[in-house]
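Following: one structure in structure tokens, then a few remarks.
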Amino acid sequence: MSTTSADPAHAPTASAKSLVNFAVPPLVLYALGIALLVAGPFFVYPLFLAKILCFCLFACAFNLLGSVGLLSFGHAAFFGASAYVAGHALKVWGLPFELAAVIGTAAATFLGVVFGYVAIRRQGLYFAMITLALAQMIYFLALQLPFTHAEDGLTGVPRGRILGLFDLNNLYVLYYTAAVIFIAGYLLIYRITHSTFGQILKAIREKEPRAISLGYRVNDYKLLVFVLSAALAGLAGATKTMVVQLASLTDVHWSTSGDVILMTLLGGSGTMFGPVVGAVLVEMLEFYLADSGLPIQAVIGAIFVVCILLFRRGIVGELSHLFGNKPSKAE
């Protein structure tokens with residue numbers, strides 16, 4: 001009877017074992033997140049936090065595409081188009097925010113169907129470049145159409161009341177409205193990625209020919225998740241217009257698409273909470289560097305390069321791997 005002995009050089013130490021086995025229950029993390037959302041406006045300016053939540057939802061919507069292995073370079077089209085439509089509905093038509101948000105989200109959904117139908121049959125870089133080209137068309141439309149006011153944008157957009165009861169000009173009401181919208185969008189994305197539909201998306205991402213051989217209509221699934229992502233990005237754009245009372249060309253510019261890619265990769269692509277962390281970091285950096293005189297994009301780019309070198313899976317993905325938790329995949 002022979003025995004094998006483990007190599008002491010490769011045996012994990014007690015401290016390493018405790019580090020690997022340390023795992024924070026997901027419910028604890030989500031409870032902590034809810035507590036931070038509730039207490040946040042009492043420590044940080046509520047308007048700033050509400051704007052961050054809009055970009056958190058935008059980043060989560062973009063990350064949903066990763067569940068099927070798609071990379072869009074033109075997601076600002078949905079964010080910005082909804083921002084313009086919702087702003088016009090609020091300012092010119094005088095609609096309440098709920099209806100304006102629905103109309104803006106519907107506009108983004110329609111664009112998602114059109115963009116998806118054109119682009120979804122391509123893969124990889126070809127898909128990304130088609131989405132970028134289509135998004136630039138929306139940018140030039142925003143520059144030319146009368147209701148967008150070109151470089152001036154839609155300014156002074158009224159917020160109105162939520163449900164006809166609570167004045168959105170109250171910053172605490174404004175913040176908690178944005179928080180509820182973000183939580184609703186986040187829970188919807190969580191439900192999608194942890195459903196049977198999400199498992200099919202994962203199968204398509206990991207081995208598309210096998211999914212096709214099993215009889216799945218792959219392009220239909222890709223189109224559906226693309227439209228869902230566009231709709232949620234549109235909801236984020238409509239909420240942002242209400243929060244900052246402005247819709248501008250920046251909302252549909254290619255740099256906004258680049259920002260959301262940066263947020264997702266920085267926080268951790270393929271994780272549920274990574275885009276939220278990335279959006280918070282990028283928005284806070286832009287805010288606190290605004291008056292520093294430094295080139296903001298260059299500084300953020302340098303930080304991004306350092307984080308990619310140190311955290312190959314993104315911040316959340318790397319921490320999850322380090323502490324023995326598998327990241328909650330956007331599958």
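The values are calculated or read from the model by the stated rules, or taken from the named source; none is laboratory data. Computed from a predicted structure; not experimentally measured. Every residue, glycine among them, receives a Cβ derived from its backbone with ideal geometry; neighbour counts consider all protein chains shown.
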Count - residues of the stretch 174-217 that are in contact with an Asp or Glu (Cβ under 8 Å, 6 or more places away or on another chain) and either buried (at least 21 other Cβ atoms within 10 Å of the Cβ) or within 20 Å of Thr109 (Cα to Cα) (or both): 3
Residue in the stretch 284-302 that is in a helix (DSSP H, G or I), under 15 Å from Cys60 (Cβ atoms) and touching a Phe, Trp or Tyr at 6+ places or on another chain (Cβ under 8 Å) present: no
Residue tally, condition assigned to a helix (DSSP H, G or I) and either among the aromatic types (Phe, Trp, Tyr) or within 30 Å of Ile52 (Cβ to Cβ) (or both), over the stretch 179-217: 20
Matching residues in the stretch 71-112 - criterion: being assigned to a loop (DSSP other than H, G, I, E, B) and buried (at least 24 other Cβ atoms within 10 Å of the Cβ): Ser72, Gly74, His75
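Considering only the stretch 147-165, state which residues are hydrophobic (A, V, I, L, M, F, W, C) and surrounded by 15 or more Cβ atoms within 10 Å (Cβ to Cβ).
Going through the stretch 147-165, the residues hydrophobic (A, V, I, L, M, F, W, C) turn out to be 147, 150, 154, 157, 162-163, 165.
Scanning the stretch 147-165 gives Leu154, Val157, Ile162.
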Only listed residue being part of a helix (DSSP H, G or I), of a type in the set (Phe, Trp, Tyr), surrounded by fewer than 19 Cβ atoms within 10 Å (Cβ to Cβ) and at pLDDT 75 or above, chosen from Phe62, Phe48: Phe48
Verdict on Leu281 being among the aliphatic types (A, V, I, L, M), over 24 Å from Leu134 (Cα atoms), modelled with pLDDT under 80 and surrounded by 15 or more Cβ atoms within 10 Å (Cβ to Cβ): no
Residues of the stretch 149-178 classified as in a helix (DSSP H, G or I), out of contact with any Gly (no Cβ under 8 Å at 6 or more places or on another chain) and modelled with pLDDT of 90 or more, total: 7
Filter pass, Val38 being in a loop (DSSP other than H, G, I, E, B) and either in contact (Cβ under 8 Å) with a residue 60 or more places away in the chain or over 11 Å from the mean Cα position of the chain (by Cα) (or both): no
